[in-house]
Every structure is written in C-alpha cells, then in structure tokens.
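Mind looking over this structure? Questions follow.
The values are calculated or read from the model by the stated rules, or taken from the named source; none is laboratory data. Keep in mind the model is a prediction, meaning the values are calculated, not measured. Here Cβ is always computed from backbone atoms with ideal geometry, including for glycine, and neighbour counts include all displayed protein chains. The area values use the complete protein model at the heavy-atom level, side chains included, leaving out ligands, DNA and RNA. Shrake-Rupley method; radii C 1.70, N 1.55, O 1.52, S 1.80 Å.
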Amino acid sequence: MINISNPVSHLKGVGAETTEALRDMGIITVGDLLHYLPYRYEDYRLKDLEEVAQDERVTVEGVIHSTPSLMYYGKKKTRLTFKLLVGRYLVSVVFFNQHYLKSKFALGQQVTISGKWDRNRQTITATTYKERNDQQQQEFEPVYSTKGSVTVKGLRKFIQLAFSQYGQGIRDNLPAYLLQKYRLLPKKDALRAMHFPNGAEDMKQARRRMAYEELLLFQLKMQALRKVQREGALG
C-alpha cells in the first residue's frame, strides 16, 4: 500500500543531504512535501503593454530588433541590452549580470521575455526568457518559501517526484457528498493543481477546495473544544 506518511528519504532520487535540508524546513514525510504549498505564483500570461502599469511584472513575446550589446562595469557587473519589437511597441530589454545569455540572442529571433516594465523608459528589466521553440511554459509558476541549500527549482523537482511515486496514496479527507454538493476538487487533484496549475481556473478551483477544507477543519476543532469545555463545566 502506498503510504504518504513514509519519510521523504523513501523517495527515489532524494539523498541523505537533501532529506536533512528538507527536515530543516519542517518537511519530514512525503505527505509533508505534498502539502508544502506555494505562497505565491509567477504570472507568465502574455499581456498587452498598453494595459501594464508602471513597475508591474510582465511577460511579452516579440522579435529581437537590434544586435544584443554587452557592457561591463565594476568588477563583475554586466548589462546586456537589445531592442524587442512587441506588437506596435519597440522596447528595450535589459538583463543585469547575465552575460552568458549574449550568445542565446540574435537579430530576428522570436523570444518570450519576463521582467519588470518601466513604462516611462519603455524598458523591461528582464529576469527570464524563453525561445519560441522551447517547451510551452506554465502560465502560473509556483514560488515556495525555501531554506538552506533547497532552491525553489529543486523543491519543485522533489514535489514532482512525490507525485509520481506516491500520488496514488493521497486520500480524501472530505466525504463524497460534500465534494458533490459544493463541486469541490478531490484532494489529489487539488494538490496537483496547487503545485502544477494548468491555468487560472485550475488554480482557482484548487484554492477554493483547500480553503474550504481548512475552514471546515477549523470549525470541527472549535466544536470539539466547546464540547470539552461544556463537559468540564458539568463535571
């Protein structure tokens, strides 16, 4: 029987060092890992720059319209810039301290860029990019609180391992009639959508399910506490 209460060390691909690092984050069992939810999401949906506010994070797709230029300043600091034609906008794209990306970009190349939009300067201070023929990127990418040697990327990998090896062991703690009455996702589907959402609606329904469960469990605990207090008063 698949048991998510097994320690994370039982996951294939997770060594002793990683197990200890996860323990420092309060993740002891596979179940703990599956229930370690993101605290926010990066939004990679394409947006029209006309609708993007100053300093808002944005993802756009365009064609490189100038030869990428790399400048060095200070001891280890670099600035990589090029022009990107995004619809009717010709904007500047800037990557700081990522000089190794220069060889990735070429005039006429179509790329997807994510970063902070400076409307006044018509500039995107970029953090990530994707080539046109890359695999499709998720619209929403989860961001987790991490500690020590554990990175967000690494944590995503461990959670994926947990789903592939122990996903069938996730049991629903809500009765079927409640799931049907309130049209709630099953626990396994909700957890998967929280970690790997297929879109805004998928993520919305997952959050709705988890919020309902949290509220219901809180109410049950409060009822149990009041019962103990009443019995104590009568005794």
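Can you work out ³J(HN,Hα) from phi for every residue in the range 101-112, in order, using Karplus 6.51 cos²θ - 1.76 cosθ + 1.60 and θ = phi - 60°, giving whole Hz and x for Gly and Pro?
7, 4, 6, 7, 10, 8, 4, x, 6, 9, 9, 10
To the nearest 10 Å², what's residue 104's accessible area with a 1.4 Å probe?
Approximately 100 Å² of residue 104 is accessible to the 1.4 Å probe.
What is the local net charge at residue 88, summed over the other residues whose Cβ is closer than 11 Å to its Cβ (Lys, Arg +1; Asp, Glu -1)?
-2
With a 1.4 Å probe and all protein chains kept in place, how much accessible area does residue 129 have, in Å² rounded to the nearest 10?
Approximately 60 Å² of residue 129 is accessible to the 1.4 Å probe.
Between residue 19 and residue 90, take the C-beta separation as r, use R0 = 45 Å, and let me know the FRET efficiency to the nearest 0.05.
0.35
Gain in length, residue 131 to residue 211, computed as 0.36 nm per residue apart minus the alpha-carbon separation, to one decimal in nm?
Numbers: separation 80, 0.36 × 80 = 28.80 nm, distance 3.67 nm.
Full extension from residue 131 to residue 211 adds 25.1 nm.
Please give the FRET efficiency for residue 69 paired with residue 146, using the beta carbon to beta carbon distance and R0 = 35 Å, rounded to the nearest 0.05.
It comes to 0.55.
Under the Karplus relation 6.51 cos²θ - 1.76 cosθ + 1.60, θ = phi - 60°, what is the ordered set of whole-Hz ³J(HN,Hα) values for the range 47-59, x standing for Gly and Pro?
Rounded to whole hertz, the list is 10, 7, 4, 4, 9, 9, 7, 4, 6, 7, 6, 9, 10.
Still on this structure, please answer the following. Calculate, for residue 228 and residue 178, the FRET efficiency according to 1/(1 + (r/R0)^6) with r their C-beta to C-beta distance and R0 25 Å; round to the nearest 0.05.
That pair, residue 228 with residue 178, gives E of 0.50.
Quick one: plug the Kirkwood hydrodynamic radius of the range 1-130 (C-alpha pairs) into Stokes-Einstein at 10 °C, 1.306 mPa s, and report D in µm²/s. Write down the numbers at each step before the final one.
Working: Rh = 17.6 Å.
The estimated diffusion coefficient comes to 90 µm²/s.
Using θ = phi - 60° and the Karplus curve 6.51 cos²θ - 1.76 cosθ + 1.60, what whole-Hz ³J(HN,Hα) does each residue of the range 70-82 get, with Gly and Pro shown as x?
Taking θ as phi minus 60°, the curve returns 10, 10, 9, 8, x, 7, 10, 8, 9, 9, 9, 10, 6 Hz for the range 70-82.
With axes computed from alpha carbons, what is the tilt in degrees of helix 152-166 against the longest principal axis of the chain, rounded to the nearest 10 within 0 to 90?
40
Okay, moving on. Using a 1.4 angstrom probe and counting only protein chains, how large is the accessible area of residue 185 in Å², to 10?
In the full protein context, residue 185 sits at about 50 Å².
Working with all protein chains in place, sort 12, 157, 102 by solvent-accessible area computed with a 1.4 Å probe, largest first.
Final ranking, largest accessible area leading: 12, 157, 102.
Here is a follow-up. Roughly how far apart, in whole Å, are the Cα centres of the range 28-91 and the range 169-235?
A separation of 35 Å, based on Cα centres.
Based solely on its DSSP helices, what 222 nm [θ] is calculated for the chain when runs of n ≥ 4 H residues each add -39,500 (n - 2.57) and the sum is averaged over all residues, nearest 500 deg cm²/dmol?
-10500 deg cm²/dmol
May I pose another question? Express in % the proportion of alpha carbon pairs of the range 39-91 at distances exceeding 18 Å.
Values: 695 of 1378 pairs.
That tail contains 50 percent of the Cα-Cα pairs.
Once neighbouring chains are kept in place and the probe is 1.4 Å, which whole percent of the accessible area of the chain is contributed by carbon and sulfur?
Ligands and nucleic acids excluded, carbon and sulfur give 51 percent.
Taking 0.36 nm per residue of sequence separation and subtracting the Cα-Cα distance, how much length would be gained by fully extending the chain between residue 76 and residue 157, in nm to one decimal?
On the way: separation 81, 0.36 × 81 = 29.16 nm, distance 3.08 nm.
So the chain would gain 26.1 nm between residue 76 and residue 157.
Give me the one-decimal Kirkwood hydrodynamic radius in Å for the chain, with the sum taken over alpha-carbon pairs. It would help to have the intermediate numbers written out before the result.
Values: mean 1/r = 0.0471 Å⁻¹.
Result for the chain, one decimal place: 21.2 Å.
Return the Cα extents of the range 142-235 along principal axes one, two and three, sorted largest first, each rounded to a whole Å.
Extents along the principal axes, in whole Å: 55, 37, 24.
How large is log10 I(q)/I(0) at q = 0.27, 0.34 Å⁻¹ when the Debye formula is applied to the Cα atoms of the range 10-52, each weighted equally and without solvent?
-1.01, -1.18
According to a simple spin-label model (label point 7 Å from Cα along Cα-to-Cβ), what is the distance in nm between residue 61 and residue 171?
Distance between the two pseudo-spin positions: 4.5 nm.
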